[in-house]
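Here the structure is laid out as structure tokens; the discussion comes afterwards.
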Amino acid sequence: MKHLAFLFLFFLTSQTVHSWKKDEFRACDQTPFCKRARFRKPGSCTLIATDVSISDGDLTAKLIPIAEHDHDQDPIKPLTLSVSVYRDGIMRLKIDEDPSLDPPKKRFQVPDVIVPEFEGKKLWLQSASSEKLDGNTGGLISVVYLSDGYEAVLRHDPFEVYVREKAGKRRVVSLNSHRLFDFEQLRVKKEDEDWEERFRGHTDTRPYGPQSISFDVSFYESDFVYGIPEHATSFALKPTRGPGVEESEPYRLFNLDVFEYVHDSPFGIYGSIPFMVSHGKSGKSSGFFWLNAAEMQIDVLAKGWDAENGILMPTEQSRIDTFWMTEAGIVDTFFFVGPGPKDVVKQYMSVTGLPAMPQLFSTAYHQCRWNYRDEEDVENVDSKFDEHDIPYDVLWLDIEHTDGKRYFTWDKLLFPHPEEMQRKLAAKGRRMVTIVDPHIKRDDSFHLHKDASQRGYYVKDASGKDFDGWCWPGSSSYPDVLNPEIRSWWAEKFSYKNYIGSTPSLYIWNDMNEPSVFNGPEVTMPRDVLHLGGVEHRELHNAYGYYFHMATADGLVKRGDGKDRPFVLSRAFFAGSQRYGAVWTGDNSADWDHLRVSVPMILSLGLTGMSFSGADVGGFFGNPDPELLVRWYQLGAYYPFFRGHAHHDTKRREPWLFGERNTALMRDAIRIRYTLLPYFYTLFREANVSGVPVVRPLWMEFPSDEAAFSNDEAFMVGNSLLVQGIYETRAKHASVYLPGKESWYDLRTGTTYKGGKTHKLEVSEESIPAFQRAGTIVPRKDRLRRSSTQMMHDPFTLVIALNSSQEAEGELYLDDGKSFDFKHGAYIHRRFVFSNGHLTSSNMASSTLGNSKFSSDCVIERIILLGYTPGAKTALIEPGNQKAEIELGPLRFGGQHGGAAVTIRKPGVRVAEDWKIKVL
Ligand code: NOJ
């Protein structure tokens, strides 16, 4: 039996690993709800809003069909509609079946995603005003206050909901303007009906029948839409239907374990965030989020898509139309008015929560491979980093470290001394990460399985038995993490007592949590599997990984008595996952196309909350040649999450295995990341406070710069750095667009380039193009050590890139790098301003957070001035009136010595204090 199981597993893995088959996954026309919805024509919705009133602070109505009822069809019951408004420009629209009309089942609303504080932001509507459209000749609308500049509108007949600017009444986002809205109500099955759905030998019993929802959403003043990860495709979403579009699938949101995903496709992969952002020439952005965890498909419609059956729309505003379809759930949608891109992101985060503040070590470099074989291998790899003077912070162990894929255990032969192994790493300030997946081996001698099955904690199949699926360990079951009691049970498994062999320097990797089920339909769990309260898997599929990630992160918090920030990397994700940790883009391939697509993928994740993300450096499948690997390190050094990883069939590729020159190049790339850690950490804090992502599209910083709108080869790291990847072999030149009016300084040479222009630059193997924006100050740490922990007390360098008015500003955030004390005020947050030849450091920390203090003895050892024109000799430091020398110093960056720049040497001022430095 064991052999058979092994053979089966071998067959599956070798199949899936070597051939990504499009036909393993359902296309829209093989998915009945998608096919039906896509077939609908504009104008087909006949619902109108009646009984419009204000109740409980909301604008409410019933939706009823106006058309004559077709007697062959079931009667359409009224749907309930409510519009609520929240502080900061957020409108929420909910539409559901009326519970008082006894639908056969309560439809699923995703719990635990909206943060509790959000309800506190609700504005209680007192009244609605009625207006007639088109100068009193048109239909009736009810208008309510949304924010000072915006209003929410419900049009009655036909029903339509939108937000608009108060002055000028220009629309921002609207729903059902094309009358494509459709809501399949739950009903009793007729005798001759067959509700089952079959796909590649799998039968979905679909006991509740059709229950899909679809509607159109329009974004005004828009030229592009972005977001709705996860897809391996361009950042600006290409149209999927309409004139000029060859046959295309809609963007699919369905968490799937897709082996060898192709680099340009709207197919769904590991995670789903149903949040879209629009942006246009006006410099304005808006957003739309649908809180629904069932399979979703979204069309972006090309201009003229409705030429035949179009509905008259306001024509003076540019517009992008989209069409949203889901298999189940309710309409629970959020409209964000912006008007700036950062405003939209903040509005979304006020609903789903801010990204967690990571531990400092996790923002440094991670070394992973499937698998580091044994303790000796671990020790070897670790010491080679030191031998080659390459810093790294975390060593990862994949599934083979366990005893037969039983998570929380260790293979006793290969890893006999896990605690000692972790301690040795910890002594150098390094951590370890082990993998813990959701499939639990169905083995009665495995305590975790015994416990889970006895308590009834597994997800149940349609017949009520524990669902039994196939994954790495063979026959496996999956904890029902929708249930808070089960999440808390799971969290306990991470205590030092339960996770034998774990120590405080061990952190966790959640993989395969889509969930992946090798023998399931589309390599996942059947949709009719049951969760807590009879919720069908179809209703919550896209959030399974989210709950698993949440339970694991909570486990690490509990393990450390609430004192240690968790680090959990997850493959699957949903809206809100940003509160629990990092994600990566899964099993990419070692080719240039996957290197290129990593940037739009990471940008989409950041835009939709998942600020802490990265792609496997080097590419997971296949063997990168040294040039590709080097380019990947050079780009990966700027990913928010920076980890090298590889499949077990690939050749070893640690950075020292490709000859001295390539080792030096990879070392330089990794060192660049370590040099910039203070800047990255400051950006992670910015994301944690405001939601603005660490890595951003150019247009987030330059919202009116049209040339930036569809550029996804370059990206901003914070507001100060612009990075352009090199995506082809033997590149001699690169075209780099530098936005804005101010100039940019090459990070290595200090050479200036004009903004608002595309520059054709020579490139060498040494680095990819990267620039600091004039007018910014970037904090660095230039002394290189083995790990970030060992840099804790090192002095800082400030790089001041002056703009045309000889001014610049920047920030530095630091704390203990690991605890939650920062939440009570234990941090340092400085603002640096250079103006009139003076550099001032002032406090930015909020005084309202609490009395906890963080102190640091760190000083500033060097200040580099880029673009400083008058000749300067000395600098005077206040208070104290000390002098510091000014000279031409090397513009060191990472391991490289670049051009010379005006440098204030050893000013010796403390980062924690107020001071002023005058350049004389
Ligand atoms: C799939 C993950 O995406 C990959 O990173 C990992 O190495 C394998 N599973 C084995 O755990």
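Just need a number here: residues in segment 643-662 that are charged (D, E, K, R), surrounded by 19 or more Cβ atoms within 10 Å (Cβ to Cβ) and over 22 Å from Glu765 (Cβ atoms). Talk me through it step by step, then tell me what you get.
Within segment 643-662, the subset charged (D, E, K, R) is 643, 649, 651-654, 660-661.
Retained after the next criterion (residues that are surrounded by 19 or more Cβ atoms within 10 Å (Cβ to Cβ)): 643, 653-654.
Restricting the remaining residues to those that are over 22 Å from Glu765 (Cβ atoms) gives 643.
Within segment 643-662, residues that are charged (D, E, K, R), surrounded by 19 or more Cβ atoms within 10 Å (Cβ to Cβ) and over 22 Å from Glu765 (Cβ atoms) number 1.
Can we say Phe334 is in contact with a helix residue (DSSP H, G or I) (Cβ under 6 Å, 6 or more places away or on another chain), assigned to a helix (DSSP H, G or I) and in contact (Cβ under 8 Å) with a residue 60 or more places away in the chain?
Working: in contact with a helix residue (DSSP H, G or I) (Cβ under 6 Å, 6 or more places away or on another chain): yes; assigned to a helix (DSSP H, G or I): no; in contact (Cβ under 8 Å) with a residue 60 or more places away in the chain: yes.
In short, no.
Which numbered condition in (1) in contact with a helix residue (DSSP H, G or I) (Cβ under 6 Å, 6 or more places away or on another chain); (2) within 16 Å of the ligand (Cβ to nearest atom); (3) among the charged types (D, E, K, R) is the only one that Asp511 fails?
(1)
Inspect segment 529-544 for any residue being within 26 Å of Leu395 (Cβ to Cβ) and away from the ligand (no atom under 16 Å from the Cβ) and give the result as yes or no.
Of segment 529-544, the ones within 26 Å of Leu395 (Cβ to Cβ) are none.
Looking through segment 529-544, none of the residues is within 26 Å of Leu395 (Cβ to Cβ) and away from the ligand (no atom under 16 Å from the Cβ).
Exactly one condition in (1) of a type in the set (A, V, I, L, M, F, W, C); (2) in a helix (DSSP H, G or I); (3) within 23 Å of the chain's Cα centre (by Cα) is false for Met716; which is it?
Of everything listed in (1) of a type in the set (A, V, I, L, M, F, W, C); (2) in a helix (DSSP H, G or I); (3) within 23 Å of the chain's Cα centre (by Cα), Met716 misses just condition (2).
From Asp389, Asp398, which residue is in contact with a Gly (Cβ under 9 Å, 6 or more places away or on another chain) and under 23 Å from Ala646 (Cβ atoms)? Can you show your working first?
Values: Asp398 fails: in contact with a Gly (Cβ under 9 Å, 6 or more places away or on another chain).
None of the others qualify; the one that does is Asp389.
Looking for something within 16 Å of the ligand (Cβ to nearest atom), in a strand (DSSP E or B) and not small (Gly, Ala, Ser) - is there at least one such residue anywhere in segment 408-430?
no
β-branched (Val, Ile, Thr) and assigned to a strand (DSSP E or B): does that describe Ile76? Before you say what the answer is, go through the steps one by one.
On the way: β-branched (Val, Ile, Thr): yes; assigned to a strand (DSSP E or B): no.
Spelling it out, it is not the case that Ile76 is β-branched (Val, Ile, Thr) and assigned to a strand (DSSP E or B).
Might you let me know whether segment 894-913 holds any residue that is touching a residue at least 12 places away in the same chain (Cβ under 8 Å), out of contact with any Pro (no Cβ under 7 Å at 6 or more places or on another chain), more than 23 Å from Asp782 (Cα to Cα) and basic (Lys, Arg)?
no
Against the conditions (1) acidic (Asp, Glu); (2) surrounded by fewer than 20 Cβ atoms within 10 Å (Cβ to Cβ); (3) in a loop (DSSP other than H, G, I, E, B); (4) in contact (Cβ under 8 Å) with a residue 60 or more places away in the chain, where does Asp593 fall short? Just the number, please.
Condition (3) is where Asp593 drops out.
Scan segment 372-389 and give yes if some residue there is within 16 Å of the ligand (Cβ to nearest atom), assigned to a loop (DSSP other than H, G, I, E, B) and acidic (Asp, Glu), otherwise no.
No, segment 372-389 contains no residue that is within 16 Å of the ligand (Cβ to nearest atom), assigned to a loop (DSSP other than H, G, I, E, B) and acidic (Asp, Glu).
Can you work out which of the residues in segment 431-472 that are farther than 19 Å from Glu485 by Cβ and among the hydroxyl-bearing types (Ser, Thr, Tyr) is farthest from the ligand (Cβ to nearest atom)?
This residue is Ser463.
Report those strands (runs of 3 or more DSSP E) wholly inside segment 741-857 carrying at least 2 residues which are surrounded by fewer than 17 Cβ atoms within 10 Å (Cβ to Cβ). Write out each step before concluding.
Details: elements: 744-746, 757-762, 770-773, 776-780, 796-801, 808-814, 828-835, 838-843.
Hits in segment 741-857: 757-762, 828-835, 838-843.
So in segment 323-362, with the set limited to residues that are surrounded by fewer than 24 Cβ atoms within 10 Å (Cβ to Cβ) and among the hydroxyl-bearing types (Ser, Thr, Tyr), which one is farthest from the chain's Cα centre (by Cα)?
Thr333
Yes or no, residue by residue, for (1) surrounded by fewer than 24 Cβ atoms within 10 Å (Cβ to Cβ); (2) touching a strand residue (DSSP E or B) at 6+ places or on another chain (Cβ under 6 Å); (3) at pLDDT 95 or above; (4) not basic (Lys, Arg):
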{"position": "Leu530", "(1), (2), (3), (4)": "yes, yes, yes, yes"}
{"position": "Tyr544", "(1), (2), (3), (4)": "no, no, yes, yes"}
{"position": "Tyr547", "(1), (2), (3), (4)": "no, no, yes, yes"}
{"position": "Thr552", "(1), (2), (3), (4)": "no, yes, yes, yes"}
{"position": "Gly555", "(1), (2), (3), (4)": "no, no, yes, yes"}
{"position": "Val568", "(1), (2), (3), (4)": "no, yes, yes, yes"}
{"position": "Ser577", "(1), (2), (3), (4)": "no, no, yes, yes"}
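With the condition kept exactly as written, say whether any residue in segment 551-562 is closer than 18 Å to Gly268 by Cβ and of a type outside the set (A, V, I, L, M). Lay out the reasoning, then the answer.
At the first step, the residues of segment 551-562 found to be closer than 18 Å to Gly268 by Cβ are none.
Scanning segment 551-562, I find no residue that is closer than 18 Å to Gly268 by Cβ and of a type outside the set (A, V, I, L, M), so the answer is no.
Going residue by residue through segment 576-585, is there one that turns out to be without any contact (Cβ under 8 Å) to a residue 60 or more places away in the chain, within 15 Å of the ligand (Cβ to nearest atom) and not hydrophobic (A, V, I, L, M, F, W, C)?
Looking through segment 576-585, none of the residues is without any contact (Cβ under 8 Å) to a residue 60 or more places away in the chain, within 15 Å of the ligand (Cβ to nearest atom) and not hydrophobic (A, V, I, L, M, F, W, C).
Under 9 Å between Cβ atoms, at least 6 apart or on separate chains: pull out the pairs that start in segment 509-522 with a residue that is closer than 21 Å to His645 by Cα and end on any residue that is among the small types (Gly, Ala, Ser) and within 8 Å of the ligand (Cβ to nearest atom).
These pairs meet every condition: Asp511/Gly586.
Residues checked against (1) closer than 30 Å to Thr789 by Cβ; (2) among the aromatic types (Phe, Trp, Tyr); (3) in contact with a Phe, Trp or Tyr (Cβ under 6 Å, 6 or more places away or on another chain); (4) in a helix (DSSP H, G or I):
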site	(1), (2), (3), (4)
Arg667	yes, no, no, yes
Tyr679	yes, yes, no, yes
Thr682	yes, no, yes, yes
Glu686	yes, no, no, yes
Met700	no, no, no, yes
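Assuming Leu395 fulfils every condition listed in (1) within 16 Å of the ligand (Cβ to nearest atom); (2) assigned to a helix (DSSP H, G or I); (3) free of Cβ contacts under 8 Å to residues at least 40 places away in the same chain apart from one, which condition is it?
(2)
Could you tell me which of the residues Ile298, Ile311 is surrounded by 20 or more Cβ atoms within 10 Å (Cβ to Cβ) and away from the ligand (no atom under 16 Å from the Cβ)? Give the steps one after another, and end with the answer.
Numbers: Ile311 fails: surrounded by 20 or more Cβ atoms within 10 Å (Cβ to Cβ).
Every option except Ile298 fails the conditions.
Yes or no, residue by residue, for (1) of a type in the set (Val, Ile, Thr); (2) closer than 30 Å to Thr789 by Cβ:
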| residue | (1), (2) |
| --- | --- |
| His366 | no, yes |
| Ile399 | yes, yes |
| Trp410 | no, yes |
| His417 | no, yes |
| Ala426 | no, yes |
| Tyr458 | no, no |
| Asp480 | no, no |
| Asn483 | no, no |
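Can you report the number of residues in segment 255-266 which are over 18 Å from Met525 (Cβ atoms), part of a loop (DSSP other than H, G, I, E, B) and more than 12 Å from the ligand (Cβ to nearest atom)?
Matching residues across segment 255-266 total 4.
For Arg369, state whether it is buried (at least 22 other Cβ atoms within 10 Å of the Cβ), part of a loop (DSSP other than H, G, I, E, B) and within 16 Å of the ligand (Cβ to nearest atom).
Details: buried (at least 22 other Cβ atoms within 10 Å of the Cβ): yes; part of a loop (DSSP other than H, G, I, E, B): yes; within 16 Å of the ligand (Cβ to nearest atom): yes.
The answer is yes for Arg369.
Taking segment 602-642, which residues are within 14 Å of the ligand (Cβ to nearest atom), closer than 16 Å to Leu569 by Cβ and either hydrophobic (A, V, I, L, M, F, W, C) or surrounded by fewer than 24 Cβ atoms within 10 Å (Cβ to Cβ) (or both)?
Ala615, Val617, Phe620, Phe641
The values are calculated or read from the model by the stated rules, or taken from the named source; none is laboratory data. In this text the structure is predicted, and so the values were computed from the model without any measurement. Reconstructed Cβ throughout: ideal geometry from the backbone, glycine too, with neighbour counts over all protein chains shown.
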